[in-house]
Amino acid sequence: MKLRLSLLFVILVVTANIAVAQSSIKDDQALKSLVNQMVNAQTDYDAKTLDNIFTADYIEISPVGEFDPREKVLGFYNAEAKAASAGMTAKVEASEHSIRSYGKFAVVIVRLNYKMTAGGKELPPRSIRATYVMKKEKDVWKIASAQYTGIRPPQPPKPQ
């Protein structure tokens, strides 16, 4: 009898661990996808997509340290802003993901690598770190806040 109970307990623990691991993998994929959606929407000046993936109380700290509430951020990606950026293109790659999930909340840190052109001329590549706070609303992940921090480009060696 004790052997059966022990075996049943082991089976339940293993099954629970597998379910938690699968849920974690699914959340990690959803969070990475959400970051990519945001990056693509920003690059395409797609305020509608951003509106759909932001929480109602979304806030952002811009790369220059400004506090931007949701409406200001959405306004930055409107049609007029897109028209003003004509002649400029950007390709962004998200890498070096660090994901920490806490049930209905998660913190995702990524490196965003930018390759840009202006007027057909290639600009020096640049990178920033982005920290996103994600919130699960009705089983759908949304972005509650973002903070961007510049990464200094490699410095040339000092002459000796």
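Applying the criterion of being within 13 Å of residue 44 (Cβ to Cβ) and not hydrophobic (A, V, I, L, M, F, W, C) to the residues of segment 79-92, the residue that is least open to solvent (accessible area, probe 1.4 Å) is 85.
With respect to residue 92, is the statement that it is β-branched (Val, Ile, Thr), assigned to a strand (DSSP E or B) and at pLDDT 95 or above true? No: the conditions fail for residue 92. Residue 103: out of contact with any Ser or Thr (no Cβ under 7 Å at 6 or more places or on another chain), at positive phi and outside any strand (DSSP E or B), yes or no? Spelling it out, residue 103 is indeed out of contact with any Ser or Thr (no Cβ under 7 Å at 6 or more places or on another chain), at positive phi and outside any strand (DSSP E or B). Scoring residue 95 on the criteria (1) more than 13 Å from the chain's Cα centre (by Cα); (2) closer than 23 Å to residue 27 by Cβ; (3) surrounded by fewer than 13 Cβ atoms within 10 Å (Cβ to Cβ) leaves a single failure, condition (1).
For segment 153-160, state whether one or more residues are modelled with pLDDT of 85 or more and either in a loop (DSSP other than H, G, I, E, B) or out of contact with any Phe, Trp or Tyr (no Cβ under 7 Å at 6 or more places or on another chain) (or both). No, because not a single residue in segment 153-160 is modelled with pLDDT of 85 or more and either in a loop (DSSP other than H, G, I, E, B) or out of contact with any Phe, Trp or Tyr (no Cβ under 7 Å at 6 or more places or on another chain) (or both). The residue that is farthest from residue 85 (Cα to Cα), counting only those in segment 28-61 that are hydroxyl-bearing (Ser, Thr, Tyr) and open to solvent by less than 10 Å² (accessible area, probe 1.4 Å), is 55.
The values are calculated or read from the model by the stated rules, or taken from the named source; none is laboratory data. If you're wondering where the values come from, they're calculated on a predicted model, not measured in any experiment. Ideal geometry is used to build each Cβ from the backbone, glycine not excepted, and the neighbour counts take in all protein chains shown. Calculation scope for accessible area: heavy atoms of the full protein, side chains included, ligands and nucleic acids excluded. Shrake-Rupley method; radii C 1.70, N 1.55, O 1.52, S 1.80 Å.
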